[in-house]
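Enquirer: I'd like to ask some things about the structure below.
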Amino acid sequence: MAILPLADNNPLRHIRDPFVTWAIIFACIMVFLYQATLGERAAAIFVHAFGAIPTVVFGNARLPAEIAELPGWATLVSSMFLHGGVMHLVGNMLFLWVLGDNVEDAMGHARFVVFYLACGVVAALAHAATDTVSEIPMIGASGAISGVIGAYLLLHPRASIKTLVWVFIIELPAWVVLGIWAVFQFISALMATGGVGGGVAWWAHIGGLVAGLVLIVPMRRKHVPLLDRGSPGPGRRTPKITMRKGPWSRRP
C-alpha cells in the first residue's frame, strides 16, 4: 500500500535531540552502502550471515563455518540493520524519521534503545515462528519500526501527519494513517502463505506492532500520558505548536 508519512506536527517535549533515532538511521544507511559495494555472491553470503534465518535461530540447522559470523540468536539483532533494496531502506527510514523521535522523547534515550531492539527481536521471532524450518533469511528494520508505530499510535493518536497517499500529499490524524497501516498488515498476513507474501514478512510487522503497544505502557516516562490526554485536540491547536518535522520541512 502506497502510504508514507512525510512529516508530523508534534514537537519534542523532554529531549532536545533524538540522537538514538538519528544513530539508528545512520547505521542502517551505512550498512546498506556497504552491502552495495559487495558483489552478488558476497552480498548473498553477507545476508545469510547476518540475516535472521528461522531454522538457524531455532537450532534446527547451522550455517557453514565459513559463513557463520554470529550465533543464531544474535542475528535477531543484526538483521534489523540490513535491507534488501533502496525502497526497502527509504520506506523504513521515513517511518523512523517521522515517528521515532517522539517515541524516544516519551521514554528517554537509553530506554528507547532497549525498546527498539526488543520490538525488533519480538518481530523476528513472530516471523520465524510461522515456519521454524525456513532457510530464507529475514532482514530489515520493519519489525522494530512497527514497534515504534505501535508506541506512537498509543501516545499520539491525534497528532497531525503529512502523508503521501499514492501521488497525493494530505494531512491526517495519526490514528487514521497508522490505523490503516496496521489493518493492511493484518489483512496481508492472513492472505499470505507461510506469513510471507511478495517477500514481506507480515507477521514480523504484526509482532513488532503488538510489542510496541505493550512495551510503551511501562517504558514511557511516568508523567507522559497515553492517547494524547491533556493535549489540545486537532481543532484546538495552540500557537506554540508550529514545528514540523521531516526531511522536506523547515523548523521556524
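The values are calculated or read from the model by the stated rules, or taken from the named source; none is laboratory data. This one's a predicted model, so the numbers in the text were calculated from it and none came from an experiment. Cβ coordinates were reconstructed from backbone atoms using ideal geometry, including for glycine residues, and neighbour counts include every protein chain displayed.
Enquirer: Take the residues in the stretch 186-212 that are within 22 Å of P5 (Cβ to Cβ) and at pLDDT below 90; name whichever of them is surrounded by the fewest Cβ atoms within 10 Å (Cβ to Cβ).
Expert: Pass one, the stretch 186-212, residues within 22 Å of P5 (Cβ to Cβ): 186-189, 198, 200-202, 204-212.
Now restrict to residues that are at pLDDT below 90: 186-189, 198, 200-202.
Details: F186: 14, I187: 12, S188: 18, A189: 22, G198: 7, V200: 18, A201: 28, W202: 24.
The qualifying residue surrounded by the fewest Cβ atoms within 10 Å (Cβ to Cβ) is G198.
Enquirer: Within the stretch 74-90, work out how many residues are closer than 17 Å to L33 by Cβ and in a helix (DSSP H, G or I). Walk me through how you get there before you give the answer.
Expert: Here is the first cut: in the stretch 74-90, the residues closer than 17 Å to L33 by Cβ are 78, 80-90.
Still in the list and also in a helix (DSSP H, G or I): 78, 80-81, 86-90.
Qualifying residue count, the stretch 74-90: 8.
Enquirer: Within the stretch 160-179, is even one residue at positive phi, out of contact with any Gly (no Cβ under 6 Å at 6 or more places or on another chain), loosely packed, with under 15 Cβ neighbours inside 10 Å and touching a residue at least 24 places away in the same chain (Cβ under 8 Å)? Outline the logic, then answer.
Expert: Start the filter on the stretch 160-179 by keeping residues that are at positive phi, which leaves 166.
Among the residues that remain, those that are also out of contact with any Gly (no Cβ under 6 Å at 6 or more places or on another chain) are: 166.
Keeping just the survivors that are loosely packed, with under 15 Cβ neighbours inside 10 Å gives 166.
Adding the requirement that they be touching a residue at least 24 places away in the same chain (Cβ under 8 Å) leaves 166.
The answer is yes, given that some residue of the stretch 160-179 is at positive phi, out of contact with any Gly (no Cβ under 6 Å at 6 or more places or on another chain), loosely packed, with under 15 Cβ neighbours inside 10 Å and touching a residue at least 24 places away in the same chain (Cβ under 8 Å).
Enquirer: From G140, G147, grab the single residue that is crowded, with 24+ Cβ neighbours inside 10 Å and not in a helix (DSSP H, G or I). Full working, then the answer.
Expert: Details: G147 fails: not in a helix (DSSP H, G or I).
One residue alone meets the criteria, G140.
Enquirer: Still on this structure: Of the residues A106, A126, which single one is among the small types (G, A, S) and over 20 Å from R221 (Cα atoms)?
Expert: On the way: A106 fails: over 20 Å from R221 (Cα atoms).
Only one candidate passes the filter, namely A126.
Enquirer: Suppose we filter V167, V183, V122 for residues that are hydrophobic (A, V, I, L, M, F, W, C) and under 15 Å from the mean Cα position of the chain (by Cα); which single one remains? Walk me through it before giving the result.
Expert: Values: V167 fails: under 15 Å from the mean Cα position of the chain (by Cα); V183 fails: under 15 Å from the mean Cα position of the chain (by Cα).
Every option except V122 fails the conditions.
Enquirer: Return the only residue of P18, P54 being of a type outside the set (G, A, S), surrounded by 19 or more Cβ atoms within 10 Å (Cβ to Cβ), closer than 29 Å to L227 by Cβ and in contact (Cβ under 8 Å) with a residue 24 or more places away in the chain.
Expert: Just a single option satisfies the conditions, and that option is P18.
Enquirer: With the requirement that a residue be assigned to a loop (DSSP other than H, G, I, E, B), of a type outside the set (S, T, N, Q) and at negative phi, what does the stretch 57-73 give you?
Expert: Our first condition is that a residue be assigned to a loop (DSSP other than H, G, I, E, B); within the stretch 57-73, this holds for 58-71.
Okay, now just the ones that are also of a type outside the set (S, T, N, Q), so 58-59, 61-71.
Answer for the stretch 57-73, where residues must be assigned to a loop (DSSP other than H, G, I, E, B), of a type outside the set (S, T, N, Q) and at negative phi: F58, A61, R62, L63, P64, A65, E66, I67, A68, E69, L70, P71.
Enquirer: Another question about this same structure. Test each condition in (1) at pLDDT 90 or above; (2) over 25 Å from A27 (Cα atoms); (3) polar (S, T, N, Q) for T130 and report the one that comes out false.
Expert: If we test T130 against (1) at pLDDT 90 or above; (2) over 25 Å from A27 (Cα atoms); (3) polar (S, T, N, Q), just (1) comes out false.
Enquirer: Further question on the same structure: Go through P5, P11 for me and flag whichever is surrounded by 15 or more Cβ atoms within 10 Å (Cβ to Cβ), closer than 15 Å to V98 by Cβ, touching a residue at least 12 places away in the same chain (Cβ under 8 Å) and out of contact with any Gly (no Cβ under 9 Å at 6 or more places or on another chain). Don't jump to the end; show me each part of the working.
Expert: Numbers: P5 fails: out of contact with any Gly (no Cβ under 9 Å at 6 or more places or on another chain).
Only one candidate passes the filter, namely P11.
Enquirer: Please go through the stretch 1-28 and pick out each residue that is assigned to a loop (DSSP other than H, G, I, E, B) and of a type outside the set (K, R).
Expert: M1, A2, N9, N10, P11, L12, H14, I15, D17, P18, listed by residue number.
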